[in-house]
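Undergrad: Below are the structure tokens for one structure; questions will follow.
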Amino acid sequence: MINKGDDPSLAAIADIYAETFARLDPTRGSPDINVRFYPYIDINHTIRVRNGKVFVRIAEICHDMPIEAHRSLANILVRKLLRKKLSPDAEKPYSDYIRSVEVRERADESKRSRGRKVVTDPKGQVYDLNEIFDTINFWYFGGKLEKPVLTWSPRKSYHILGHHDSTHNTISVSRSLDSKGVPLFVVEYVLFHEMLHIAHPAVHHNGRRYHHTSAFRRDERRFAHFNEAEKWIENNVWKLRRAAKKR
Ligand SMILES: [Zn+2]
């Protein structure tokens, strides 16, 4: 699906990473690189080395990102891996793109909700976010997390499954998950992830904001159905989206 139109292919993106490695670490030959788009809960990308091979996972929402933004993201991720400092200039094409995506998503939401009251009822057709919050809070946070405003997103987003807005103290979960076809542990996992954003506020370092710190990642793995939930999202979000498109 990423080969349509002018979107760069996975091979072209992998080449960008190879060039970035060669430029930032010329003493080492450029490694084998595997790039995939991945349906993360929110806007998030990871880079890992396993058996001498580099695995890059890019948030699915960036599937139609232009090539300059990919170059900029490669620079961010490879520098992070090599523990090199980043200049704000180098980050700009990527952060501009992300800002435009966020603006687009918000514009879509307000277009859809114009002329009618925005429903912020945490009780969906299948799942009640209030109830789920209380359960997760009890088991994983000792009941100590203060309840934010909980809401289902007005729009059924398949790109962003959850969002924590610290300015408005709100957690929203994509309405696409309020469905009988989605297991409870998946909704719990998405809400748990967003609750971790409250427990682990963003960390500022070298002029950058880190939302998914290593402490965040460690805590995320405490979720009882972590592997199942990750696997479910990886295998099923595409299907949900395809089914919705057909309707
Ligand atoms: Zn997150």
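Undergrad: What are the residue pairs meeting all of these: first residue in region 28-43, first residue open to solvent by 50 Å² or more (accessible area, probe 1.4 Å), second residue within 16 Å of the ligand (Cβ to nearest atom), Cβ atoms under 7 Å, and 6 or more apart or on different chains?
TA: Arg36/Arg57
Undergrad: Which one of the conditions (1) part of a strand (DSSP E or B); (2) open to solvent by 20 Å² or more (accessible area, probe 1.4 Å) does Glu146 fail to meet, given that it meets all the rest?
TA: Exception for Glu146: condition (1).
Undergrad: Residues that are more than 12 Å from the ligand (Cβ to nearest atom), modelled with pLDDT of 95 or more and part of a loop (DSSP other than H, G, I, E, B): does region 183-196 have at least one?
TA: Step one: filter region 183-196 for residues more than 12 Å from the ligand (Cβ to nearest atom), giving 183-188.
Still in the running and modelled with pLDDT of 95 or more: 183-188.
Narrowing further to those that are part of a loop (DSSP other than H, G, I, E, B): 183.
Yes, region 183-196 has at least one match.
Undergrad: Let me spell it out: the conditions are (1) part of a strand (DSSP E or B); (2) open to solvent by 70 Å² or more (accessible area, probe 1.4 Å); (3) within 16 Å of the ligand (Cβ to nearest atom), and Ile171 meets all of them except one. Which number is the exception?
TA: For Ile171, the failing item is (2).
Undergrad: Report yes if Lys239 is modelled with pLDDT under 90, more than 16 Å from the ligand (Cβ to nearest atom) and surrounded by 12 or more Cβ atoms within 10 Å (Cβ to Cβ), otherwise no.
TA: No; evaluated as a whole, the condition is false for this residue.
Undergrad: Could we say that Ile47 is within 16 Å of the ligand (Cβ to nearest atom) and either of a type in the set (A, V, I, L, M, F, W, C) or in contact with a Gly (Cβ under 9 Å, 6 or more places away or on another chain) (or both) here? Steps first, answer last, please.
TA: Details: within 16 Å of the ligand (Cβ to nearest atom): no; either of a type in the set (A, V, I, L, M, F, W, C) or in contact with a Gly (Cβ under 9 Å, 6 or more places away or on another chain) (or both): yes.
Against the criterion (within 16 Å of the ligand (Cβ to nearest atom) and either of a type in the set (A, V, I, L, M, F, W, C) or in contact with a Gly (Cβ under 9 Å, 6 or more places away or on another chain) (or both)), Ile47 does not qualify.
Undergrad: Please list, ordered by first then second residue, the pairs with beta carbon atoms under 6 Å, 6 or more apart or interchain, first in region 193-213 and within 26 Å of Asn227 (Cβ to Cβ), second near the ligand (Cβ under 10 Å from one of its atoms) and among the polar types (S, T, N, Q).
TA: His212/Asn44
Undergrad: Follow-up. Please determine whether any residue of region 214-227 is closer than 29 Å to Pro88 by Cα and touching a strand residue (DSSP E or B) at 6+ places or on another chain (Cβ under 6 Å).
TA: Within region 214-227, not a single residue is closer than 29 Å to Pro88 by Cα and touching a strand residue (DSSP E or B) at 6+ places or on another chain (Cβ under 6 Å).
The values are calculated or read from the model by the stated rules, or taken from the named source; none is laboratory data. None of these values were measured; they are calculated from a predicted model. Glycine gets a Cβ as well: all are built from the backbone with ideal geometry, and neighbour counts include every protein chain shown. For the accessible areas, the whole protein counts, side chains as well, though only heavy atoms, and no ligand, DNA or RNA atoms are used. Shrake-Rupley method; radii C 1.70, N 1.55, O 1.52, S 1.80 Å.
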